[in-house]
Amino acid sequence: MKYDTSVLLILTGGTISMGESPKTGALAPLDKERMLKLIPELEMLPVNVSSVSFDPMIDSSDVEPSFWVKIAETIRDNYDKYDGFVVLHGTDTMAYSASAVSFMFRHLRKPVIFTGAQLPLGVLRSDAKENVMNAIEIAAAKKEGKPIVPEVAVFFEDALMRGNRTTKKSTEFFNAFYSYNYPDLAKSGVHIKYAPVHIMHDETDKPLVVNTKFDNNLVVLTLFPGIRPDVVEMVFRIPKLRAVVLKSFGAGNAPSAPWLYDALKKGTDAGIVVVNVSQCQIGRVEMGLYETSLNLQKAGVLSGYDMTIETAVTKLMHLLGNYVDPQDIMDRMKISLCGEMTV
Ligand code: ASP
């Protein structure tokens, strides 16, 4: 070990790791050796960088909850050996993975920085190297011997964001991720400027706890003008369904038609947890502000406040995996577990 600080690079796949497949001609992940050869600059960093690779590396559209468990367990198994972790991940579902992993950790005191790229490492104009270099520098950054960002975060283009506040907003531009409802944790320009007031710290001296339980018996239901009663009713009849993320209009509004109230009320009475998340990205759900959200409140629908859809889904999966009683799940949906919403 040449230097005082060590970072583990966890390669999981995504465009960042891809090249043209000899079989299909389409983009598919390369292997670890071919990939790392494309970033000789890693040797120049004043940080010991080691790497592990998932086998196989995948396109993040194939991610499932077991993949989140694998990421968290890799970090747990190497937790004492490294000062920070960088997870290279496909961008398509990175916001889901960063959110899910944030719920799995308690008493995290080291940086876990997710990043990826819009263009593969081997492409001349790629954003990959810049993202990886910044992410490693952030994962290694300390002040008075302590990590500056002991959170699960996403770095992309020039911004470090709390992982469970991010959304992929662009398939085209290099600034593909955005944190609409929480300020950036750092901005990278000539210097990396941290925003300490926005960064969370675990003040206990308890050891890291990794909770790997998930239950995916939930559905996302997007409302639209003209949505049919039988469609909503069918959703609530899905066998084993335990939760619904209801994507509502504006500040949490929905059609005031009695059939919708009836369907929702029947669902919540049967113990299905329904969480109201807005189709708007900026701002929050305020149930009761308009008459068109009063019915939702009366039907027992919970406010998702300013949570992203990615966070609402993964938080519910985490809670459904850990609690049987809907009331226990609802009590925890109402509070922020790790900075994922502002109540
Ligand atoms: N389809 C790719 C993935 O999510 C896209 C990317 O990484 O940018 O794995």
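The values are calculated or read from the model by the stated rules, or taken from the named source; none is laboratory data. Everything quoted here is computed from the prediction, not taken from an experiment. So basically every Cβ, Gly included, is an ideal-geometry build from the backbone, and we count neighbours across all protein chains shown.
When Lys240 is evaluated against the numbered criteria (1) of a type in the set (D, E, K, R); (2) under 20 Å from the mean Cα position of the chain (by Cα); (3) on the phi > 0 side of the Ramachandran plot, which criterion, by number, is the only one it fails?
With respect to (1) of a type in the set (D, E, K, R); (2) under 20 Å from the mean Cα position of the chain (by Cα); (3) on the phi > 0 side of the Ramachandran plot, Lys240 is out only on (2).
Which members of segment 86-102 meet the condition of being more than 10 Å from the ligand (Cβ to nearest atom) and not hydroxyl-bearing (Ser, Thr, Tyr)?
Val86, Val87, Ala95, Ala98, Ala100, Val101
Could you list, in sequence order, the residues of segment 28-60 that are assigned to a strand (DSSP E or B) and under 18 Å from Thr115 (Cβ atoms)?
Residues of segment 28-60 that are assigned to a strand (DSSP E or B), as a first pass: 28-29, 48-58.
Pro29, Val49, Ser50, Ser51, Val52, Ser53, Phe54, Met57, Ile58, listed by residue number.
Does segment 21-36 include one or more residues that are aliphatic (A, V, I, L, M), touching a strand residue (DSSP E or B) at 6+ places or on another chain (Cβ under 8 Å), within 16 Å of the ligand (Cβ to nearest atom) and farther than 23 Å from Val154 by Cβ?
Checked against the condition, which is being aliphatic (A, V, I, L, M), touching a strand residue (DSSP E or B) at 6+ places or on another chain (Cβ under 8 Å), within 16 Å of the ligand (Cβ to nearest atom) and farther than 23 Å from Val154 by Cβ, segment 21-36 yields at least one hit.
Considering Ile16, Ile10, which residue is within 15 Å of the ligand (Cβ to nearest atom) and either among the basic types (Lys, Arg) or assigned to a helix (DSSP H, G or I) (or both)?
Working: Ile10 fails: either among the basic types (Lys, Arg) or assigned to a helix (DSSP H, G or I) (or both).
Testing whether each residue is within 15 Å of the ligand (Cβ to nearest atom) and either among the basic types (Lys, Arg) or assigned to a helix (DSSP H, G or I) (or both) leaves just Ile16.
Could you give me the residue pairs with C-beta distances under 8 Å whose first residue belongs to segment 216-235 and is under 19 Å from Val313 (Cβ atoms), whose second residue is among the small types (Gly, Ala, Ser) and in a helix (DSSP H, G or I) wherever it lies, and which are 6+ apart or on separate chains?
Short answer, once both residue conditions are applied: Val232/Ala263.
Which of the following residues is surrounded by fewer than 19 Cβ atoms within 10 Å (Cβ to Cβ) and within 11 Å of the ligand (Cβ to nearest atom): Ser51, Ser66, Ser61? Break it down stepwise before answering.
Working: Ser51 fails: within 11 Å of the ligand (Cβ to nearest atom); Ser66 fails: within 11 Å of the ligand (Cβ to nearest atom).
That would be Ser61, the only listed residue that is surrounded by fewer than 19 Cβ atoms within 10 Å (Cβ to Cβ) and within 11 Å of the ligand (Cβ to nearest atom).
Residues in segment 180-195 that are under 24 Å from Tyr305 (Cβ atoms), in contact (Cβ under 8 Å) with a residue 24 or more places away in the chain and not aliphatic (A, V, I, L, M): how many?
4
Output the residues belonging to segment 109-132 that are in contact with an Asp or Glu (Cβ under 8 Å, 6 or more places away or on another chain) and either without any contact (Cβ under 8 Å) to a residue 12 or more places away in the chain or surrounded by 24 or more Cβ atoms within 10 Å (Cβ to Cβ) (or both).
Selection gives Pro111, Val112, Ala117, Asn131.
In segment 113-142, which residues are away from the ligand (no atom under 15 Å from the Cβ) and within 12 Å of the chain's Cα centre (by Cα)?
Within segment 113-142, Ile113 is the sole residue that qualifies.
For the subset of segment 289-320 comprising residues that are part of a loop (DSSP other than H, G, I, E, B) and modelled with pLDDT under 95, which member is surrounded by the fewest Cβ atoms within 10 Å (Cβ to Cβ)?
In this case the residue turns out to be Leu289.
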